[in-house]
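The structure appears below as structure tokens.
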Amino acid sequence: MPLLNGPFDSIKDIVHDRREALRLKVRVVRVWEICQKKNPANVFSVEMVLVDSEGGRIQASIRKTMIRKFRSSIVEGGVYKMIYFRLVENGSEYRACSHEFKLLFQPRTRIFPTESEVIPRFGIQAKNSEDLQETNDVSQYMFDFIGLLTAVGEEKEFIKFGRPIRVLEIKLTDDKGVMKCSLFGHFIEMMKNFLANGVDDLGILVIQFAKVKEYLGKVSLHTVSNSTRLLWNPQIPEVISFKDSIMQSGVDMHGPLKMIGHNYYSPTEEFLIHFPRKSIEDLHITEEEGHFICLGTVEGIVKDDHWWYMACKCHKSVNLNDSGTYYCSGCVAFVSDVTPRYKLKLEVRDHSETAHFMLFDFDAASLLSMSCASIVGDAKVPTLEYPPKLDIVIGKELLFKVEVKAERAFKFDDSFKVKRTYDDDDIIQEFKSDGSIRTPKKMKLKGSVNEVLDVEDELPGDQAIAPEIVPVIELYNESEMSPLSLEESSSAAACLAPQKRKPGPRAGRGGLAKKSLHPNVLKVEKD
């Protein structure tokens, strides 16, 4: 077609009076679908972002009546010559670009694939943290951001409009400061896969087409379910330039990745200072509820228990129907976006006794340095077939932060849920050499909570456990508390704690401390 031989229009110069006469040579840098929530197969529109050789970006839409005609012709990352659009004001709720207009595909629209080495691959237009903190377009546009991943928090779940919502908070640092980012749904799995691969230095994360939200006067980035894109350590010019700028600003790119949460504890604080220590025997007989630190060795993995389960992006387990489709009870809908997640039942022993510890996806992936999906592959349902790759955890001596709840015997066959693990030799040796019992610092909430979160995490086999849910609000130490000596802690416990039951045979324990808890546990034979 002669009209597509050029010259081509510049996206930045598009004005409303040009209308259908536009001739563009662009790369489709992002494509996503707007679907009905309860029926993802019902697609309302196909949205895309186009970028030209000058870096200009504009949003384009294929309405429902045009999807059959054009959808198969558009490939993300492809370069096309295009002509004959309808130009309209971009009044979308989620505007992927700051351009005033967007393009609508019409029956007479023509597109032809071509090539170009000068049009950017991703069309990144990154803002720095200072600009995002000062932006007035909090609810209007989507933004790009490049940052050094310096901290990651615990995965949380809350209820919104009767549906469970999963969120993982991370912190990204650039040469202007720190930007908080909240990852939702399947983006959490992507981040876990990034971290499971392991890197020597802190990684660089590129977030494209994310929303900026403000809460209690603080600004943060939020992923948007279909449009946001995450790129981990991509070798592209924008990231190379970012590395240069951040090194010049003096940011340490080789420091450890910090774990953040409601209390922002470092590993030393979390495993040596702020939480009380208990032996496995103490865990069995305690009537206290809370989080405790335990040092133990993984002696085996219960192999007659499903070591993984298939989960919806809302974190709920899914059922595979006879028709080959997955049904999520949390979303009350058939879903296609599902991910395998770890659920390992470890047999752990210390000097006093043995117990079952339940290790879930995030910590299991970090410990194994591989994601569950990379092991499961194309399997659709959990199987009892045990992969030898999991054997690398057997024999490891680890610090465990475990959760003790009164109803644990009902929910997890009297096992304990692991909240975090740590295998640093220096921390473990310091834990062994320090004979004192430490009491957590009292924390006082600062601020207010606008809603009550009521959450329950559903797992296969009607097993469920409620994860710790803490609103994202500031906390501060009410007082500094020094470690108690063994004598002081014993006398204090005698005065304040309820009378403990004497150790003895308990239902569901499977025998004495020196015996295996389960006949089908993989063991490490010692000479």
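The values are calculated or read from the model by the stated rules, or taken from the named source; none is laboratory data. This structure is a prediction, so every number in the text was calculated from the model and none was measured. Methodologically, a virtual Cβ is constructed for each residue, glycine included, from the backbone with ideal geometry; neighbour enumeration extends over all protein chains shown. The accessibility values were calculated without ligands, DNA or RNA, using every heavy atom of the protein model including side chains. Shrake-Rupley method; radii C 1.70, N 1.55, O 1.52, S 1.80 Å.
Within the range 121-140, being under 19 Å from residue 47 (Cα atoms), in contact with a Lys or Arg (Cβ under 7 Å, 6 or more places away or on another chain) and modelled with pLDDT of 90 or more holds for 123, 125. Restricting attention to the range 230-243, report how many residues are open to solvent by less than 50 Å² (accessible area, probe 1.4 Å), of a type in the set (Val, Ile, Thr) and either in contact with a Cys (Cβ under 8 Å, 6 or more places away or on another chain) or part of a helix (DSSP H, G or I) (or both). Looking only at that region, the number is 1. The requirement of being touching a Lys or Arg at 6+ places or on another chain (Cβ under 6 Å), among the polar types (S, T, N, Q) and at pLDDT 85 or above is satisfied by residue 297. Answer yes if at least one residue in the range 386-396 is out of contact with any Ser or Thr (no Cβ under 7 Å at 6 or more places or on another chain), acidic (Asp, Glu) and modelled with pLDDT under 85, and no otherwise. Checked against the condition, which is being out of contact with any Ser or Thr (no Cβ under 7 Å at 6 or more places or on another chain), acidic (Asp, Glu) and modelled with pLDDT under 85, the range 386-396 yields no hits at all. Once the range 323-338 is narrowed to residues that are among the hydroxyl-bearing types (Ser, Thr, Tyr) and without any contact (Cβ under 8 Å) to a residue 24 or more places away in the chain, the residue that is farthest from residue 187 (Cα to Cα) is 323.
Residue-by-condition table, conditions (1) touching a residue at least 40 places away in the same chain (Cβ under 8 Å); (2) within 19 Å of residue 13 (Cβ to Cβ); (3) among the small types (Gly, Ala, Ser); (4) crowded, with 16+ Cβ neighbours inside 10 Å:
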{"site": "69", "(1), (2), (3), (4)": "no, no, no, no"}
{"site": "72", "(1), (2), (3), (4)": "no, no, yes, no"}
{"site": "77", "(1), (2), (3), (4)": "yes, no, yes, no"}
{"site": "83", "(1), (2), (3), (4)": "yes, yes, no, yes"}
{"site": "87", "(1), (2), (3), (4)": "yes, yes, no, yes"}
{"site": "96", "(1), (2), (3), (4)": "yes, no, yes, yes"}
{"site": "101", "(1), (2), (3), (4)": "yes, yes, no, yes"}
{"site": "107", "(1), (2), (3), (4)": "yes, no, no, no"}
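Taking residues in the range 1-15 that are surrounded by fewer than 10 Cβ atoms within 10 Å (Cβ to Cβ), and partners anywhere that are at pLDDT below 80 and aliphatic (A, V, I, L, M), not one pair has Cβ atoms closer than 8 Å while being at least 6 places apart or on different chains.
Taking every residue in the range 178-189 that is farther than 14 Å from residue 232 by Cβ and free of Cβ contacts under 8 Å to residues at least 60 places away in the same chain and pairing it with any residue that is assigned to a strand (DSSP E or B) and of a type in the set (Phe, Trp, Tyr), at least 6 positions away or on another chain, the pairs with Cβ-Cβ distances below 8 Å are 179/145. Restricting 231, 172, 195, 221 to residues that are of a type outside the set (Val, Ile, Thr) and within 18 Å of residue 365 (Cβ to Cβ) narrows the list to 195. Tell me, yes or no, whether the range 153-163 has at least one residue that is aliphatic (A, V, I, L, M), surrounded by 17 or more Cβ atoms within 10 Å (Cβ to Cβ) and assigned to a strand (DSSP E or B). No: the range 153-163 contains no residue that is aliphatic (A, V, I, L, M), surrounded by 17 or more Cβ atoms within 10 Å (Cβ to Cβ) and assigned to a strand (DSSP E or B). Taken over the range 198-218, the residue count meeting the criterion of being modelled with pLDDT under 90, touching a Ser or Thr at 6+ places or on another chain (Cβ under 9 Å) and either within 27 Å of residue 364 (Cα to Cα) or of a type in the set (Lys, Arg) (or both) is 3. Taking each residue of the range 227-238 that is in contact (Cβ under 8 Å) with a residue 12 or more places away in the chain and looking for partners that are part of a loop (DSSP other than H, G, I, E, B) and among the small types (Gly, Ala, Ser) with beta-carbon atoms closer than 8 Å, six or more apart or interchain, yields 227/96; 232/203; 233/203. Among the residues of the range 168-187, those that are touching a helix residue (DSSP H, G or I) at 6+ places or on another chain (Cβ under 8 Å) and part of a strand (DSSP E or B) comprise 168, 170, 172, 173, 174, 177, 178, 179, 183.
Quick grid of which residues meet (1) under 30 Å from residue 192 (Cβ atoms); (2) touching a Leu at 6+ places or on another chain (Cβ under 8 Å):
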| residue | (1), (2) |
| --- | --- |
| 48 | yes, no |
| 81 | no, yes |
| 88 | no, yes |
| 96 | yes, no |
| 106 | no, no |
| 115 | no, no |
| 128 | yes, no |
| 144 | yes, no |
| 150 | yes, yes |
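Picking from residues in the range 244-282 that are of a type in the set (Lys, Arg) and modelled with pLDDT of 90 or more, the one that is surrounded by the most Cβ atoms within 10 Å (Cβ to Cβ) is 278.
For the range 120-148, which residues satisfy the criterion of being touching a helix residue (DSSP H, G or I) at 6+ places or on another chain (Cβ under 8 Å) and over 20 Å from residue 225 (Cβ atoms)? I'd like the intermediate steps shown before the answer.
Just the residues of the range 120-148 that are touching a helix residue (DSSP H, G or I) at 6+ places or on another chain (Cβ under 8 Å), to begin with: 122, 124, 126, 143, 145-148.
Residues satisfying the conditions are 124, 126, 146, 147, 148.
Could you please find all residues in the range 106-152 being part of a helix (DSSP H, G or I) and more than 26 Å from residue 203 (Cβ to Cβ)? Correct list: 134 only.
Using the structure shown, decide if residue 49 is more than 19 Å from residue 228 (Cβ to Cβ) and either of a type outside the set (D, E, K, R) or loosely packed, with under 12 Cβ neighbours inside 10 Å (or both). No, not satisfied. Do we have residue 227 as part of a helix (DSSP H, G or I), at pLDDT 90 or above and of a type in the set (S, T, N, Q) here? In short, no.
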